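**Q** Structure in structure tokens, see below.
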Amino acid sequence: SLQSRESKVASRRKNFKRLALYLALIVALLAGVMMSISGSRRTLPAPLSSATARLPVTVSGTLIASSEKCEVYKQRKFDERGNEYEQVHIKDTTTGEVFTVGHRFGTVVSASISPTGQLVAIYDEERGEVWAVATNGSSLQCVARRDKIAVGGNPIAGWYIGFGREFVKLRTPSGYTYVEVER
């Protein structure tokens, strides 16, 4: 049984090394994100080509939307200067993977998952913006700002699928508009 014990010790060492590698990657990723964000003085960042970070962590925060394919959570955070912001996490319920959206939101009040489960629209009431992100973390884009959407209440009115593409339906001062969301 000495062999069995040595095997268990070797397995534990291997698992510990794997955990240490994951933690080092997470720390490096978060440090890079913090440096890039703190270097920017703009209130609204430009659209990001790499919008999310894939983190092997459990989800914490408040559940704001869910479907068969994913769950969307928001979490209140503080930056290095003590300013509050909200972070959004998307959990793929089929794989268990969690994606952290690479944008600091003001106050997220709602999210809407597309019928295909491939896109999420997020409403940041504090900044008056609607953002869209693919649930697999492939894109992030601001699809509407305060001057183009109806003030008061949730501007996300649903989704439309047509011509093989997905559109988020938004309330505007004069009715509704449909904005195509890239994947």
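The values are calculated or read from the model by the stated rules, or taken from the named source; none is laboratory data. Quantities reported herein were computed from a predicted structural model and do not represent experimental measurements. As a convention, Cβ positions derive from the backbone with ideal geometry for all residues, glycine included, and neighbour counts pool all protein chains shown. Calculation scope for accessible area: heavy atoms of the full protein, side chains included, ligands and nucleic acids excluded. Shrake-Rupley method; radii C 1.70, N 1.55, O 1.52, S 1.80 Å.
**Q** Kindly indicate the residue of the stretch 150-183 that is basic (Lys, Arg) and open to solvent by 60 Å² or more (accessible area, probe 1.4 Å) and also modelled with the lowest pLDDT among those meeting that condition. Spell out how you get there, then give the answer.
**A** Here is the first cut: in the stretch 150-183, the ones basic (Lys, Arg) are 165, 169, 171, 183.
Then keep just the ones that are open to solvent by 60 Å² or more (accessible area, probe 1.4 Å); that gives 165, 171, 183.
Working: ARG165: 91, ARG171: 92, ARG183: 76.
Once the filter is applied, the top-ranked residue is ARG183.
**Q** Then there is this: Can you run down the residue pairs with Cβ atoms below 8 Å, 6 or more apart or on separate chains, where the first is in the stretch 1-26 and surrounded by 10 or more Cβ atoms within 10 Å (Cβ to Cβ) and the partner is modelled with pLDDT under 75 and β-branched (Val, Ile, Thr)?
**A** What qualifies is ILE26/VAL57.
**Q** Next up: Given the condition at pLDDT 90 or above and open to solvent by 50 Å² or more (accessible area, probe 1.4 Å), answer yes or no: does some residue in the stretch 98-116 qualify?
**A** Looking through the stretch 98-116, at least one residue is at pLDDT 90 or above and open to solvent by 50 Å² or more (accessible area, probe 1.4 Å).
**Q** Scan the stretch 144-154 and tell me whether some residue there is assigned to a strand (DSSP E or B), hydrophobic (A, V, I, L, M, F, W, C) and farther than 22 Å from SER67 by Cα. Spell out the reasoning first.
**A** Initial filter on the stretch 144-154 (assigned to a strand (DSSP E or B)): 144-145.
Still in the list and also hydrophobic (A, V, I, L, M, F, W, C): 144.
Okay, now just the ones that are also farther than 22 Å from SER67 by Cα, so 144.
Checked against the condition, which is being assigned to a strand (DSSP E or B), hydrophobic (A, V, I, L, M, F, W, C) and farther than 22 Å from SER67 by Cα, the stretch 144-154 yields at least one hit.
**Q** Pull up the stretch 117-149, narrow it to residues that are under 12 Å from THR172 (Cα atoms) and surrounded by fewer than 17 Cβ atoms within 10 Å (Cβ to Cβ), then point me to the one that is modelled with the highest pLDDT.
**A** ARG145
**Q** A further question on this structure: If only one of THR100, THR95, THR116 is β-branched (Val, Ile, Thr), outside any strand (DSSP E or B) and either touching a residue at least 24 places away in the same chain (Cβ under 8 Å) or in contact with a Gly (Cβ under 7 Å, 6 or more places away or on another chain) (or both), which one is it? Talk me through it step by step, then tell me what you get.
**A** On the way: THR100 fails: outside any strand (DSSP E or B); THR95 fails: either touching a residue at least 24 places away in the same chain (Cβ under 8 Å) or in contact with a Gly (Cβ under 7 Å, 6 or more places away or on another chain) (or both).
After applying the criteria, what remains is THR116.
**Q** Could you please tell me which pairs satisfy a Cβ distance under 8 Å, a separation of 6+ or placement on different chains, a first residue in the stretch 69-89 that is of a type in the set (Lys, Arg), and a second residue that is in a strand (DSSP E or B) and open to solvent by 100 Å² or more (accessible area, probe 1.4 Å)?
**A** The qualifying pairs are ARG76/GLU84; LYS77/GLU84.
**Q** Here is a list: THR52, THR58, THR62, THR95. Which entry is closer than 20 Å to GLU126 by Cα and modelled with pLDDT under 95? Quick ask: steps written out before the conclusion?
**A** Numbers: THR52 fails: closer than 20 Å to GLU126 by Cα; THR58 fails: closer than 20 Å to GLU126 by Cα; THR95 fails: closer than 20 Å to GLU126 by Cα.
Of THR52, THR58, THR62, THR95, the one residue that is closer than 20 Å to GLU126 by Cα and modelled with pLDDT under 95 is THR62.
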